[in-house]
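The values are calculated or read from the model by the stated rules, or taken from the named source; none is laboratory data. Here the structure is a predicted model, which means the values were calculated and not measured. Reconstructed Cβ throughout: ideal geometry from the backbone, glycine too, with neighbour counts over all protein chains shown. Side chains are part of the model used for accessible areas, which takes the heavy atoms of the whole protein and leaves out ligands, DNA and RNA. Shrake-Rupley method; radii C 1.70, N 1.55, O 1.52, S 1.80 Å.
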Amino acid sequence: MADLSDDLRLLADGLAVGIIRLDHELIVRYANPAAHLFAGRQPGMLIGRSLMEAFIDHRIEELAELAHRSGAANSELTLRSADGPSLVVRARRAADGRATWLTLEDVSELRRLQRIRSEFVDNLSHELRTPLTNVSLLAETLVRESEAAGEQIPARMRDRISKIEVETGHLVQMVSELLDLARIESGRPMLLLDQVDLARLAAASVDRLRLFAERQGVQLVVEVPGAGVPAVRGAEERLGQVIMNLVHNAVKFSPDGGDVTIRVEERAPDVVVSVEDNGIGIPRRSQDRVFERFYKVDRARVRGGGTGLGLSIARHVVQGHGGRIWVVSEEGHGSTFSFALPIADQLGTPE
């Protein structure tokens, strides 16, 4: 096996990423200083050792064997102990098939910061949720009592009480969505255990939002094939949340008297759910950003407010199910948000 050139060795030795070159028997033939540091070895001590001898961790050896057979493999591992470094290990077979390369990237600090952020949002959301729920209930009570009192309460006061109820509802929604997003972004995998009928789930979600749509002067229409669609594997509650978010957004951006159409269809190897409105549409410059957290196309043009988190949550949930989500829109002519999930039979048997 040819040695690394002096220039490549100089470059690799200066990197903070660990680099290891293995021969066809998975014996270490080159390891840079960062790789020795991650393995807890003195410089030069990895050369000539097997991966098992080098790291005392069968998972790295299994990863390298998989890459040697299939061409590539990736994993995130914590080495030596529970407080050891968290490493993203990427293994790639060399073009000539006689060597395997490993790169080891330390993501310990990134994971620590992610935990801090997740815990902060989680704690803050829990601290806010209870008082906000109480305020929301009090606001609803005030609205009912003011309506029952009729002309005894001035119209201006009734209007202000109604606005308090609406704005409190927005705050409750934002706290709930922040908590949802923190959980989704925590890195914990979703349990995809349910066999989900997206056609039935879409119909159930629309029923929950029909009263809201009627108040906005919008008609909801569901179109599904008579024979139904194949099931997808996933977390039914989360997928229902995706459909609810998309339909809720469509209603908010629709004009009075408009329609929102929810379609569910099979497009092998996927099932596709589309939510179409004939509202104000999205400018082309904003279409790539609508799934970002807190991004709002135009705060002045949407009725009913919003947190700017719903589409971001939808994207995370869909991607966590191995699917994709996208939007097609023309300004002034409406938008169609769609997501596709693989049919359950295409995924094999879950472990």
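Give the angle, between 0 and 90 degrees and rounded to the nearest 10, that separates the Cα long axis of helix 198-215 from the longest principal axis of the Cα atoms of the chain.
For helix 198-215, the angle is close to 40 degrees.
Work out, step by step, the length gained on full extension between Glu237 and Gln152: first 0.36 nm times the residue separation, then minus their alpha carbon distance; give nm to one decimal.
Numbers: separation 85, 0.36 × 85 = 30.60 nm, distance 4.47 nm.
That pair, Glu237 and Gln152, stretches by 26.1 nm at full extension.
To the nearest Å, what is the center-to-center distance of the stretch 24-86 and the stretch 153-217, using C-alpha atoms only?
One Cα centre to the other: 47 Å.
Alpha carbons only, please: Rg and Dmax for the stretch 10-52, in angstrom.
9.7, 27
With r as the distance between the Cβ atoms of Asp207 and Ser162 and R0 = 22 Å, compute the FRET efficiency 1/(1 + (r/R0)^6) and round to 0.05. Don't jump to the answer; show the numbers that get you there.
On the way: r = 26 Å, r/R0 = 1.18.
Calculated value: 0.25.
If you count only protein heavy atoms with a 1.4 Å probe, what accessible area per residue comes out for the stretch 1-155, rounded to a whole Å²? Numbers along the way, then the final one.
Working: 9500 Å² over 155 residues.
Per-residue value: 61 Å².
May I ask for the angle, rounded to the nearest 10°, between helix 310-320 and the longest principal axis of the chain, with both axes built from Cα atoms and the value confined to 0 to 90°?
In the chain, helix 310-320 runs at an angle near 40 degrees to the longest axis.
Between Gln319 and His24, what is 0.36 nm times their sequence separation minus the Cα-Cα distance? Round to one decimal in nm.
Values: separation 295, 0.36 × 295 = 106.20 nm, distance 3.59 nm.
Residue separation times 0.36 nm, minus the Cα-Cα distance, leaves 102.6 nm.
Between Ala94 and Thr141, what is the label-to-label distance in nm when each label sits 7 Å out along the Cα-to-Cβ direction?
Between Ala94 and Thr141, the label points sit 7.6 nm apart.
From the helices alone, meaning DSSP H stretches of at least four residues, give me the mean residue ellipticity at 222 nm for the chain, per-run term -39500 (n - 2.57), in deg cm²/dmol to the nearest 500.
On the way: 9 runs with 151 residues, N = 351.
After summing the helix terms and dividing by the residues of the chain, the value is -14500 deg cm²/dmol.
If packing is taken as the mean number of other Cβ atoms within 10 Å per residue, what is the order of 127-139, 321-333, 11-23, highest first?
Working: 127-139: 13.8, 321-333: 16.0, 11-23: 17.7.
Taking the mean over residues of other Cβ atoms within 10 Å, the ranking is 11-23, 321-333, 127-139.
With Rg and Dmax of the Cα atoms in Å as the read-out, I listed (i) 20.8, 72; (ii) 26.9, 93; (iii) 25.2, 79; which label goes with the value calculated from this structure?
(ii)
Of all accessible surface on the stretch 76-116 at a 1.4 Å probe, what whole percent is carbon and sulfur?
On the way: 1200 of 2410 Å².
Answer for the stretch 76-116: carbon and sulfur cover 50 percent of the accessible area.
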